[in-house]
Amino acid sequence: MGFPRTRPRRLRRSEGLRGLTRETRVAPEDLIYPLFCVTGNGVREPVVSMPGVERLSVDQLAAEAKEIKDLGIPGVILFGIPATKDAEGSGAYDPDGITQRSVRAIKEAAPELVVIADVCLCEYTDHGHCGVFDGVHVHNDASLPLLVKTAVSLAQAGADIVAPSDMMDGRVAAIRDGLDDADLTNTPILSYAAKYASGFYGPFRDAAESTPQAGDRRGYQMDPANGLEALREIQLDIDEGADIIMVKPAMPYLDIVRAAKDSFDVPVFAYQVSGEYSMLQAAIERGWLDADRVIEESLVSIRRAGADRVISYFAKDFARNHRG
Ligand code: PBG
């Protein structure tokens, strides 16, 4: 039965009809907002390559957390930038480190807000790699105990979820064992399971001061050309005990999001990363793209591809435009 009996435009005639037949929705409840935390007092420092994003000192986090919660956003993911870095990234597992203090400040100000702590060493190492580095290679197995210490210490500080983003093999199992041994059996692991070696992380590395001093991350993050490998990575992480898996970046990898959603029955998250944010913001600033439309469209596309939740630097902007 084709045209003229079939007329897809019938369902597009009014906003009412379009709304009634809309397949995918995005609401503030579907979003998670990333926060960059720095040392100092009274700091709200704009990230030049990410217009609208600021690095905040711990004293600023209470008000920020309440604002996020009041906007209807259920969770945040934290990235701490320590004052000093060393070869072992010891700031990552310092019980009084920048991220641990940030977790405590947010949980105190807004206990209902779900605090996800990113678990990685790159913000804390002087070489900028995500694990133990000998000048040429990042050592997988030697990095695991440091990641475990980091995850345990963040969970002890009160993080509701730990999210390893380092891409070392076996880290999910190691972290699960470490959490369980520390009586943190109820702390879930959100694994950056399919994390690509992406140029779209550029602005984040400005914000987090985590650009590798030598070499790049291709020896541990995934080759952008590989799709089947993403499914193997996700399967491994689920077998090792991941409670939630993530695909990152989001928009250039929507096929991977879809494949993950079709293949696995755990929650699938996607991370709309810094470069995705900054390229849209740059065009918006020039008046080349309409902010409200492209922010919503980008988030809808990630949800339509199958992401249950989206980490996005646009979360607050979106939520302001879509209050209950
Ligand atoms: C840490 C980490 C990175 C991002 C999240 N966690 C950077 C990287 O791997 O280089 C990127 C987030 C973004 O670009 O918004 N390993």
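Bear in mind these aren't lab numbers, they're just calculated from the coordinates by the rules spelled out. Given the structure is predicted, the values throughout are model-derived calculations rather than measurements. Counting neighbours? That spans all protein chains shown, and the Cβs are built from the backbone with ideal geometry, glycine included.
Structure data summary
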read-out: Anisotropy class of the range 127-270 from Cα gyration tensor, a/c 1.5 cut; value: oblate
read-out: Principal-axis tilt of helix 171-181 within the chain, Cα atoms, nearest 10 degrees; value: 70
read-out: Förster-model FRET efficiency, 25 Å R0, HIS137 and ARG232, C-beta, rounded to 0.05; value: 0.70
read-out: For peptides 159-166, 304-311, sequence by mean Cβ density within 10 Å, most packed first; value: 159-166, 304-311
read-out: Contour minus Cα-Cα distance for ASP223 and ARG293 (0.36 nm per residue); value: 22.1 nm
read-out: FRET efficiency for ARG258 and ASN41, using Cβ-Cβ distance with R0 set to 51 Å, rounded to 0.05; value: 0.65
read-out: THR6 paired with GLU29, simple spin-label distance in nm, labels 7 Å along Cα-to-beta-carbon; value: 3.5
read-out: Positive-pole candidate from PRO74, LEU146, GLY219, dipole of the range 26-320, charges at beta carbon; value: PRO74
read-out: Dipole magnitude of the chain about its Cα centre (Cβ charges: Lys, Arg +1; Asp, Glu -1), debye to nearest 20; value: 2060
read-out: Relative contact order of the chain, defined on C-alpha pairs under 8 angstrom at six or more residues apart (%); value: 18
read-out: For the range 26-320: rounded, prolate or oblate by the Cα gyration tensor [a/c cutoff 1.5]; value: rounded
read-out: In the range 3-36, trypsin sites (Lys or Arg not before Pro) in a DSSP loop with at most 15 other beta-carbon atoms within 10 Å; value: ARG5, ARG13, ARG22, ARG25
read-out: Prolate/oblate/rounded label for the range 188-324 (Cα gyration tensor, a/c 1.5); value: oblate
read-out: Value of [θ]222 nm, deg cm²/dmol, for the chain, DSSP H segments ≥ 4, -39500 (n - 2.57) each, nearest 500; value: -11000 deg cm²/dmol
read-out: Total charge dipole magnitude, the range 103-251, about the Cα centre, Cβ charges on Lys, Arg, Asp, Glu only, Debye to nearest 20; value: 300
read-out: ASP169/THR84 FRET efficiency (R0 22 Å; Cβ-Cβ; nearest 0.05); value: 0.15
read-out: Nearest-ten-degree value, helix 291-304 long axis tilted from longest Cα axis of the chain; value: 80
read-out: Electrostatic dipole magnitude of the range 259-324 [Cβ: Lys, Arg +1; Asp, Glu -1; Cα centre; debye, to 20]; value: 160
